[in-house]
Amino acid sequence: MDKILEVCTVSTSGVIAAHEGGASRVELCSALEVGGVTPSPGLISQSRNAVPGITLHTLIRPRGGDFVYDGHEVEAMIQDIKMAVDNGADGVVIGALTRDGSIDMATCEKLVKAVPAGINITFHRAIDVCRDPFEALEQIISLGCNRILTSGHAVDALAGIPVITRLNQLAAGRIIILPGAGVGPENAARILALTGCHELHGSLRDPETGLTSSTIVNNTLNQMLSV
């Protein structure tokens, strides 16, 4: 099975660096300091035009903080899904929880319904603060999502290997489990080898500049391909 590296980035230059490093997909967002929010139409469009060949997914999240949304925020996310697709996104990254930590099925169903046919859907790391990730797995599969981005209910993907592995086993090919958080060239091979997953997600930024590094992207991809 092909190994796929997804790079989370906040700029068009980051999308270009991810492509130059060999990544086949990016998740575009803004404000990573709060966990990421929906990027602007201009950023999506410019990134799409700059690298036509890369798969471009867009985070749909109206604000930082928790994942419990009111009706106004849900409507904003529905509009942002249309905006992202209209500006060239190949996929969207969504998620919502109820106050008791369960998957907010009513909200997620509305979001999924707003996604046009052929557009990929990832459920984001709201699963890592949900009440029961294994119950959530079945709910997310029932929504029709294509993949789940997760650190395995832990601070990072390395610490979350036991839960990620179990999620991947229970998914049994019905949905892609995408390990993310703290992923880099120093642990990419280990995470893939131990979990059985074939995709990884990371910001892969240069620690000095804070910018996406094509070298770190490439080194991570090479480690993935060694498994």
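Scanning the stretch 203-225 turns up one or more residues that are touching a residue at least 12 places away in the same chain (Cβ under 8 Å), touching a Cys at 6+ places or on another chain (Cβ under 7 Å) and either at negative phi or among the charged types (D, E, K, R) (or both).
The residue of the stretch 102-143 that is least open to solvent (accessible area, probe 1.4 Å), among those that are out of contact with any Gly (no Cβ under 7 Å at 6 or more places or on another chain) and small (G, A, S), is A136.
Scanning the stretch 121-134 for residues that are over 11 Å from the mean Cα position of the chain (by Cα) and not in a helix (DSSP H, G or I) yields C130, R131, D132.
Determine, yes or no, whether T150 is open to solvent by less than 20 Å² (accessible area, probe 1.4 Å), modelled with pLDDT of 95 or more, among the β-branched types (V, I, T) and within 13 Å of the chain's Cα centre (by Cα). Here the answer is yes, as T150 does meet what is asked.
Checking the condition farther than 23 Å from H19 by Cβ, surrounded by fewer than 21 Cβ atoms within 10 Å (Cβ to Cβ), modelled with pLDDT of 95 or more and in contact with a strand residue (DSSP E or B) (Cβ under 9 Å, 6 or more places away or on another chain), which residue from G196, G160 passes?
Numbers: G160 fails: surrounded by fewer than 21 Cβ atoms within 10 Å (Cβ to Cβ).
Of the residues listed, the single one that is farther than 23 Å from H19 by Cβ, surrounded by fewer than 21 Cβ atoms within 10 Å (Cβ to Cβ), modelled with pLDDT of 95 or more and in contact with a strand residue (DSSP E or B) (Cβ under 9 Å, 6 or more places away or on another chain) is G196.
Put simply, of G22, G35, G53, G42 the only residue that is open to solvent by 30 Å² or more (accessible area, probe 1.4 Å), among the small types (G, A, S) and under 28 Å from L97 (Cβ atoms) is G35.
What residue, of S30, S24, S45, is under 25 Å from A117 (Cβ atoms) and either without any contact (Cβ under 8 Å) to a residue 40 or more places away in the chain or hydrophobic (A, V, I, L, M, F, W, C) (or both)? After ruling out the rest, the residue left standing is S24. Quick check: anything in the stretch 171-183 modelled with pLDDT of 95 or more, open to solvent by 30 Å² or more (accessible area, probe 1.4 Å) and under 15 Å from the mean Cα position of the chain (by Cα)? Yes, the stretch 171-183 contains a residue that is modelled with pLDDT of 95 or more, open to solvent by 30 Å² or more (accessible area, probe 1.4 Å) and under 15 Å from the mean Cα position of the chain (by Cα). Looking at G95, G88, just one residue is open to solvent by 10 Å² or more (accessible area, probe 1.4 Å) and either without any contact (Cβ under 8 Å) to a residue 60 or more places away in the chain or not polar (S, T, N, Q) (or both), and that residue is G88.
The values are calculated or read from the model by the stated rules, or taken from the named source; none is laboratory data. Small disclaimer: the values here were computed from a predicted structure and weren't measured. With ideal geometry, Cβ positions are generated from the backbone for all residues, glycine too; neighbour counts draw on all protein chains shown. Heavy atoms of the whole protein, side chains included, go into the accessibility calculation; ligands, DNA and RNA do not. Shrake-Rupley method; radii C 1.70, N 1.55, O 1.52, S 1.80 Å.
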